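Visitor: Right, I'll just put the structure down here and ask away after.
Where a number appears in this text, it was derived from the coordinates with a stated rule and is not lab data. Note that this is a predicted model, so its numbers are computed, not measured. As a convention, Cβ positions derive from the backbone with ideal geometry for all residues, glycine included, and neighbour counts pool all protein chains shown.
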Amino acid sequence: MKTEARDIAVAAANQVPGVAGYLTTGQAIIMTLTGVLLLVQIGYYIRKWWREETDWGVKIKAWAERHGFSRPMGLDDE
C-alpha cells in the first residue's frame, strides 16, 4: 500500500508543471471567456426562440406592439 501512495504522489507531482504552465499562458482565461460567451449566446437564442415560437411569447410580443413598447421608431418619429 505504501508503494501505491508513493506512485500516486509521483504521478501527481509530474502533472503540476503542466498545469502551472497552462495557467500562466493565458489559455485558461481564453477558454473561460469562450465558455461565458457560449452561455450568453445560448441564453440569447433561447429567449429569441421563446419570444417568437411559444404561445406566451407571441401573446406578449403582440401586446407590446399594440401598446407601442417594441415598435421600431422611424427617423421622422419623435
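Visitor: Setting aside same-chain residues fewer than 8 positions from Lys2, which lysines have a Cα under 19 Å from its Cα?
Guide: Result set, ordered by chain and number: empty.
Visitor: Enumerate the lysines that Lys48 could reach by cross-link, defined here as Cα to Cα under 16 Å, with residues fewer than 8 away along the same chain left out.
Guide: Lys59, Lys61
Visitor: Separate question: Taking R0 as 30 Å, what FRET efficiency do you get between Ile42 and Glu4 from their Cβ-Cβ distance, rounded to the nearest 0.05? Mind dumping the intermediate values first?
Guide: Working: r = 43 Å, r/R0 = 1.43.
Efficiency for this residue pair is about 0.10.
Visitor: Label-point separation (nm) for Glu65 and Ala28, each offset 7 Å from Cα along Cα-to-Cβ?
Guide: 4.9 nm
Visitor: Quick check on the exposure proxy: order Lys61, Lys2, Lys48 from fewest to most C-beta atoms within 10 angstrom. It would help to have the intermediate numbers written out before the result.
Guide: Working: Lys61 14, Lys2 6, Lys48 11.
Ordered from fewest to most neighbouring Cβ atoms within 10 Å, Lys61, Lys2, Lys48 come out as Lys2, Lys48, Lys61.
Visitor: Starting at the first residue of the range 33-38, write each ³J(HN,Hα) from the Karplus equation 6.51 cos²θ - 1.76 cosθ + 1.60 with θ = phi - 60°, in whole Hz, x for Gly and Pro.
Guide: 5, 5, x, 5, 4, 4
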